[in-house]
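The values are calculated or read from the model by the stated rules, or taken from the named source; none is laboratory data. All of these numbers come straight from a predicted model, not from anything done at the bench. Backbone-built Cβ (ideal geometry, glycine too); neighbour counts: all protein chains shown. Ligands, DNA and RNA are stripped out before the accessible areas are found, and what is left, the full protein with its side chains, is counted by its heavy atoms. Shrake-Rupley method; radii C 1.70, N 1.55, O 1.52, S 1.80 Å.
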Amino acid sequence: MSTNFPNIKQLNRNRVFRLIAQSDRLAKQDIAAQLSMSLPTVTQNLNELKSLGLIEENGYFVSGIGRRARAISLIPTSHVGLGLDLTQNHFALVVVDLKGRILKSIRKRLPTANTPEYYRTLSQETEEFIRSAQIPRENILGMGISIPGIVVKNGTVIENSNLLKIDHNFYEIYRQYTDLPYILLNDASASGSAEFHYSTPDSEMVYLFLGNSVGGAVLLNHTMYQGINCRSGEFGHMTLVPGGLRCHCGKTGCADAYCSASVLARYAEDNLELFFKRLENGDPYLSSVFETYLKNLAILINNIRVCLDCDIVIGGYVGAYIGKYLDHLKELVRERLTFAPEDVDFIKPCTLKLESSAVGGALHYINEFVKTI
């Protein structure tokens, strides 16, 4: 009995913390009622959370009779997570608090290079970002670094990253440039985990990441399925056109060569925002380019649907713009559906549109910390 007691105690404390984190202000009596706990148990847990610097008393609730109840609130910036997303020509940084709020984000151009100058610039930009966010350094839990590649060995080794000109031992090399705790993450998986965090998916869902590479994440029974070799969701390397365009992986005809964001951005000075701005202004050539893109995307979506038979969320850089064109995409998918007639409402736009890979990196540390409370 005594062996299980600490686990039960931590479970109760965690339940109290999560309830407070989901609310603006709560009274002790409300916590007891919602969690079916005794007031002494709630009081003990509140005292522990307060001693950890996680909560505070935040005024009183108005009461017509008797004593007014004290309001309890989370201190959301007591601990924060950083996210750093690396792409071929840019980096993005975000900071996320315990409520999952994005406090600040930036995106800047910086071509990747396996050089001390590149690593030093990343470190300097990160330090400046921390200062500008006005977050005490001791409040930072760690930094999740997302990359377009396969990451293994608990986020410490890059097995493959054809798009980035950085060393496979980036994890060890970058230790020379920062004292922050960090972990490496696949960009699509990080983006998918962020989407799962902010949306309310069913137990099964596919996140299709349309960034400068194509990838994804698979949610099974409310859990991210990583695969035996951490390669689950590599939809970008499904063959879409046998013998077609060459992919960065060295093969031909991969979906990545037809459905990545760069396929569109290359027609607008490598600027996806500019592409969609010109598209909305009625550029006929870009309309033709985008129609071809959507037809290829429809084939990819149908292939994924046949394999996994669940909702498919369109995310990544293209996902941020897809909402306006979703109905047309659904019609193109309907024409391709293997098991027609079938409802195409399984195709959904992403909830998180801002630097989702970097946010997923930050949330890694937030979620791991919350488990320990």
Next on the checklist: Can you say what percent of the DSSP beta bridges in the chain, counting only those with both residues inside, are antiparallel? Round to 5.
Outcome noted: 65
Item to check | Whole-Å distance, taken between Cα centres, linking the stretch 306-346 and the stretch 81-144 | outcome: 33
Checklist entry - Short version: ³J(HN,Hα) in whole Hz for each residue of the stretch 220-233, in order, from phi by Karplus 6.51 cos²θ - 1.76 cosθ + 1.60 (θ = phi - 60°), x for Gly and Pro, what are they? => result 10, 6, 6, 10, 5, 8, 8, x, 4, 10, 6, 10, 4, x
Next on the checklist: Can you list residues from other chains, or at least 5 along the same chain, whose modelled amide H is less than 5 Å from the amide H of G142?
Outcome noted: L82
Checklist entry - Carbon and sulfur: what percent of the chain's accessible surface (1.4 Å probe)? => result 50
Next on the checklist: Tell me the per residue accessible area of the chain using a 1.4 Å probe; a whole number in Å² is fine.
Outcome noted: 49
Next on the checklist: Between H222, H237, H79, where does the largest GNM mean-square fluctuation fall for the chain, given springs only between Cα atoms within less than 10 Å?
Outcome noted: H222
Checklist entry - What lysines could a cross-link reach from K251, if we take a straight Cα to Cα line under 28 Å and drop same-chain neighbours fewer than 8 places away? => result K153, K165, K295
Item to check | For q = 0.20, 0.24 Å⁻¹, Debye-computed log10 I/I(0) when each Cα of the stretch 51-150 counts as one equal scatterer | outcome: -1.00, -1.25
Checklist entry - Which of M143, M37, M205 moves most in a GNM of the chain, Cα contacts under 10 Å? => result M37
Checklist outcome for this item: Ratio for the chain, C-alpha Rg to 2.2 N^0.38 Å, reads 1.10
Checklist entry - Using modelled amide H (1.01 Å from N, peptide plane; none on Pro or chain starts), what sits under 5 Å from the amide H of G244, excluding residues fewer than 5 places away? => result G253
Item to check | Assigned charges on the beta-carbon of Lys, Arg, Asp, Glu; the chain dipole about Cα centre (debye) | outcome: 920
Checklist entry - So what's the back-of-envelope 222 nm ellipticity for the chain, counting only DSSP H runs of four-plus at -39500 (n - 2.57) apiece and dividing by all residues, rounded to 500? => result -12000 deg cm²/dmol
Next on the checklist: Once you keep just the Cα pairs under 8 angstrom separated by 6 or more residues, what percentage relative contact order results for the stretch 119-234?
Outcome noted: 21
Checklist entry - Which of A27, A358, A320 moves most in a GNM of the chain, Cα contacts under 10 Å? => result A27
Checklist entry - Once you mark the GluC sites (Glu not before Pro) that are in a DSSP loop and have at most 16 other Cβ atoms within 10 Å, what is the longest gap between them in the chain? => result 1-203
Item to check | Relative contact order (percent, whole number), the chain, Cα cutoff 8 Å, 6+ residue spacing | outcome: 17
